Amino acid sequence: MKRGLTGTVLRALGVGTLRGQTLLKTGLVIVALFVIVAVLCAPRGGDRYGWIAGFPPYDPIRGYSNFPRLSAPSSSHWMGTDHLQRDVFSRVLAGGWAPLVVAFSSIALAMSVGSVVGWISGYVGGWPDRGLSLTMDAIYSFPSMILAIALVAVMGAGLVPMIAAISFVYVPTYFRITRAEVLRVREYAFVEAARAAGASGPRVLLRHVAPNTVNAMMAVSSFNIADAILTAAALAFLGYGLPPPTPDWGFDIQNGQRYLQSGYWWLITFPGLAIVTLSLGFGLVGEGISDLLNPKRRRKKLA
Amino acid sequence: MGGLTRYIVQRLMLTVPMVFILLSVAFLALRLMPGDPVLAMMGGRNVSPELLAQKRHEMGLDKPLHVQYVDYLRGLVRGDLGRSTRTGKPVGEELISRLPATLELALWGMVFAALFGIPTGMIAALRADRPADHAIRILHIGSFALPIFWVGLMFQVIFAVKLGWLPVAGRLAGRYAFSFQQVTGFYLLDALILKDWEILGDVVRHLVLPAVALGLAQMGFLGRVTRAAMLEVLDAEYVTTARSKGLRERVVILSHALRNALIPIITVFGLEFAVLMGGAVLTETVFSWPGVAGFLIQSLYYRDWWALQGTIAFIGVFVAMVNLVVDLLYSFVDPRIRY
């Protein structure tokens, strides 16, 4: 561990506990990189992208008349240009904020709704609990990709419908985690005792349920964010994403599909690689957290 | 077997409310959806209001919502899913004719996933925490960070457009479309039955890219579960016993460890079937595969309400049935489980 100011900062961030956690560290670096690029290249009103001059290097929305049309990657255009004489690299950079916003907000929303409903369901019990569990199981067992597509089709394309549809799909996951924990904790004697002592039941339960579910939710939510990025990209690919000409990886891939037979591979390849890398980053974080939390593996390492 | 029958009946009863919930949500949601199926059916513009009203009356769309709903459920009980406004054919007929295509795709996707997922998972477990394990784990995590539609498109660019090894899309080359007699609707099986080797080759060539694209993500998932399950059983006392009896390592791994590790692997197969159907939506769209999932997307674009309701209910029932079959498979793999 480093000394001095750097060491203090690192320790405060808990980096020391990450020693040997290659997967987690790699994932965190990837995610941090994408978040930084996404923030720097985010829209700043009036169809302009990016807060620093020259980053993204070119306008991701308006084409340049002096740019070649559909040219392969070169030293001046690392990822080539598209049919509207736009720089693909600039579009890939500017396209990062949308999937991040959609994935983060939809999982946060699913987590809040799922936990609250799961907590109420587990606490109340009886027929409301049975009804809710059955409904959640029905949603859970249905193919989530199809559900998300159908919901977005009903609500119409755009950022908010995408978030609503994707979060809906993940609500049962968090419902299950919280409900199971409520049912487990409810049986403990100290809950009975606290209630007998006059503390309100719901409050006591909440205090003991919340900390126990946090760990499980951390790992599950990173995997879900990784998955939500793919779902958001698929929705955009099918035409239910942000309206063009907004830079969007999924939509750009759909656009590249039209030129696929002509062999213009770069239109599809680079936005796709961006999706894969970002999703992989969150997947690695989830994997790393599971490694940290799984006592079985830890015991093995000590032995 | 009395217990088993009762269990099956119970499970079937449980799918009834599930399908009912799905159908009600689909029915309501579609009627809230922007867009008019009658207008879409008539081609959009230049339709006189009188004709529109007449068509709406014919289709029963002028009745109150709850009456429409009861009518729809009544038809459903008789096995009538209504007519597709896009193709004009009964929805049930459309689904049945497309089911073999989807099943064939899903089946070979799963075969690919199992063929590569289970062995790599086993190797990772046997070499736990060594370089081979790390490499395989990264491969597995990486495989489900892949967007299915993108993998499909990349396959098309590389293997169809650039290399020209395999066809870009479809199920069968156009030149065979008229001579090919469908028997079961499963083209691979049909070609075998007819002993037509030329068509068999063509069917396989069309099937490779979509099946691998669909199975790739499942491979990673299956591999991870296999690794975890194998690690679990390799620590078990019966494995130590088997080894100390002097059994060959191959026997210990295959018939003592793997057999027990198969239980969670089969569970995953059941769970993953739903994911596979979701992936099939994208694979069928990218590869113009004439299946149920692609039908859903086309119906969505055309505001084909009856087709959409029917397809959603159909997929829901189908996934529930697969889950039931998987549950029943347990008792064969694990004799301790009795229903």
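Normalising the Debye intensity of segment B:233-307 to I(0), with uniform scatterers on Cα atoms only, and taking log10 at q = 0.11, 0.17, 0.18 Å⁻¹ returns -0.52, -0.71, -0.75. Under 15 Å of direct C-alpha separation, and excluding same-chain neighbours fewer than eight residues apart, B:LYS89 reaches these aspartates and glutamates: B:ASP80, B:ASP304. Taking every alpha-carbon pair under 8 Å whose residues sit at least 6 apart, chain B reaches a relative contact order of 28 percent. Normalised by 2.2 N^0.38 Å, where N is the number of residues, the C-alpha radius of gyration of segment B:1-98 stands at 1.41.
If you take all other residues with their beta carbon under 14 Å from the beta carbon of B:ILE315, and give Lys and Arg +1 and Asp and Glu -1, the sum is -1. Centre-to-centre, using Cα atoms only, segment B:69-128 and segment A:120-160 are separated by 21 Å. Amide H to amide H distances under 5 Å link A:TYR49 with A:ARG44, where only residues 5 or more positions off or on other chains count and H is placed in the peptide plane.
The calculated FRET efficiency for the pair A:ARG44 and A:ALA210, based on their C-beta separation and a Förster distance of 35 Å, comes to about 0.40.
Each label was represented as a point 7 Å from its Cα along the Cα-to-Cβ direction; for B:ILE96 and B:GLU232 these points are 4.1 nm apart.
The calculated Kirkwood hydrodynamic radius for segment A:98-235 is 15.8 Å, given to one decimal from all distinct C-alpha pairs. Overall, the ratio between the Cα radius of gyration of segment A:41-104 and 2.2 N^0.38 Å, rounded to two decimals, is 1.13. Distance between the pseudo-spin-label points of B:VAL325 and B:ALA132 (7 Å out from Cα toward the beta carbon): 3.4 nm. Across every direction, the projection of the convex hull enclosing the Cα atoms of the protein assembly as shown has a mean area of 38.4 nm². Site pair B:ARG78 and B:ARG259 shows an inter-label distance of 5.4 nm when each label is modelled 7 Å from Cα along Cα→Cβ. Across chain B, the volume of the C-alpha convex hull divided among the residues equals 193 Å³ per residue. Compared with the dominant Cα axis of chain B, that is its longest principal axis, helix B:2-32 is turned about 40°.
Against the empirical curve 2.2 N^0.38 Å, the C-alpha radius of gyration of chain A lands at a ratio of 1.20.
Computed from the Cβ-Cβ distance with R0 of 41 Å, the FRET efficiency linking B:MET42 to A:VAL29 stands at 0.15. For segment A:100-106, putting each phi into the Karplus relation 6.51 cos²θ - 1.76 cosθ + 1.60 with θ = phi - 60° gives couplings of 5, 4, 4, 5, 4, 5, 5 Hz, in residue order, rounded to whole numbers and with x for Gly and Pro.
Rule-based calculations on the coordinates, nothing more; no lab input. Since this is a predicted model, take the numbers as computed values, not measurements. We place every Cβ from the backbone using ideal geometry, glycine too, and count neighbours over all the protein chains shown.
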